[in-house]
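The values are calculated or read from the model by the stated rules, or taken from the named source; none is laboratory data. As the structure is a computational prediction, the values presented were derived from the model and not from experiment. In this analysis, Cβ positions are derived from the backbone assuming ideal geometry, glycine residues included, and neighbour counts consider all displayed protein chains.
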Amino acid sequence: MSDQGIVASQPYISLGHRHEELSTLGWTVLTPDEFADDVVGTLHEFGPIIPQFNGQMAFPITRKPGYEDLPYSQSMNGIGPHTEAPVYGPPPRYLALHCHKQATCGGGHTGLVDGYEFLRVLERSEPQLREWLDDTPVEFVATAKPGEPGQRRVQEYILTPTPDGDIFRFSYNQFHYGDVNPSREALQQSQVANSTSPLARFAVLGEAYFVEHNVPVLIPDGCLLIWDNWRMIHARSRYTDPARHLTRYWLA
Ligand SMILES: [Fe+2]
């Protein structure tokens, strides 16, 4: 019997173990053979793709001129521990980074740590501070791009329970410089250094927890890192290789 006319379909690859990792660890890495060039279709299995600060569905993470002295995604600088887009209600549930070309300079890691676990530790070590977090909303401000006039500004709790899961918010840039994407002027003075406020204490403890416990992931070329942005704190280590190129997606 001839098989002419029968179109070979792509073999179905089950991503069940990746969903499992995402829910247990809070993050997972898909290898290129698991999504066979269909990044968007594969991401849809995890959630719908939503627009980012600039309205785009896919945001290039690569060096662009003008941000050399800013902790911004399109610079090569390190970016302190944070959850993505805390000014959104709700913030994106999952974040994905598709790596086209990873830095070969020894930097450019995506560090990940479990924010829920950090709060559990805080509950034992600093119960009063943990209670303060439940009682006190915190202001989050986001300029879409550093130096641009438009800002989103909200009051949110660090932990917000919802029927779909708890939303954890954290931003080194916010706590120190009053904006998720601080300007050069704002970077001149930290609001955490020399402050005795509960929020400053929380920021210092969160950074220390991140430094001690984060898993530094250097996404291999072609791979796709996905993490739970309601749960995990992430950060980026500084890099110097200008060829580094990723695409970022936000999923609802
Ligand atoms: Fe980020």
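Odds and ends about this structure:
- Candidates 172, 177, 209, filtered to the one that is crowded, with 16+ Cβ neighbours inside 10 Å and free of Cβ contacts under 8 Å to residues at least 24 places away in the same chain: 177
- Within segment 120-144, if we keep just the residues that are touching a Lys or Arg at 6+ places or on another chain (Cβ under 7 Å) and part of a helix (DSSP H, G or I), the residue that is nearest to residue 61 (Cα to Cα) turns out to be 122.
- Annotation note: of 147, 206, 165, the sole residue that is closer than 14 Å to residue 83 by Cα and either part of a helix (DSSP H, G or I) or of a type outside the set (S, T, N, Q) (or both) is 206.
- Looking across segment 109-132, the residues that are more than 25 Å from residue 23 (Cα to Cα) and not hydroxyl-bearing (Ser, Thr, Tyr) come down to 126, 127, 128, 129, 131, 132.
- Scanning segment 94-108 for residues that are under 14 Å from the mean Cα position of the chain (by Cα) and either surrounded by fewer than 21 Cβ atoms within 10 Å (Cβ to Cβ) or of a type in the set (A, V, I, L, M, F, W, C) (or both) gives 95, 96, 97.
- From the list 108, 41, the lone residue that is on the phi > 0 side of the Ramachandran plot and of a type outside the set (Phe, Trp, Tyr) is 108.
- Residue match in segment 91-113 (condition: at pLDDT below 95 and closer than 21 Å to residue 154 by Cα): no
- Taking residues in segment 237-249 that are touching a residue at least 24 places away in the same chain (Cβ under 8 Å) and farther than 8 Å from residue 103 by Cβ, and partners anywhere that are outside any loop (DSSP other than H, G, I, E, B) and aromatic (Phe, Trp, Tyr), the pairs with Cβ atoms closer than 6 Å and at least 6 places apart or on different chains are 248/59.
- Within segment 191-246, the set of residues being among the polar types (S, T, N, Q), touching a His at 6+ places or on another chain (Cβ under 8 Å) and away from the ligand (no atom under 14 Å from the Cβ) comprises just one member, 191.
- Count - residues of segment 15-50 that are acidic (Asp, Glu) and within 20 Å of the chain's Cα centre (by Cα): 3
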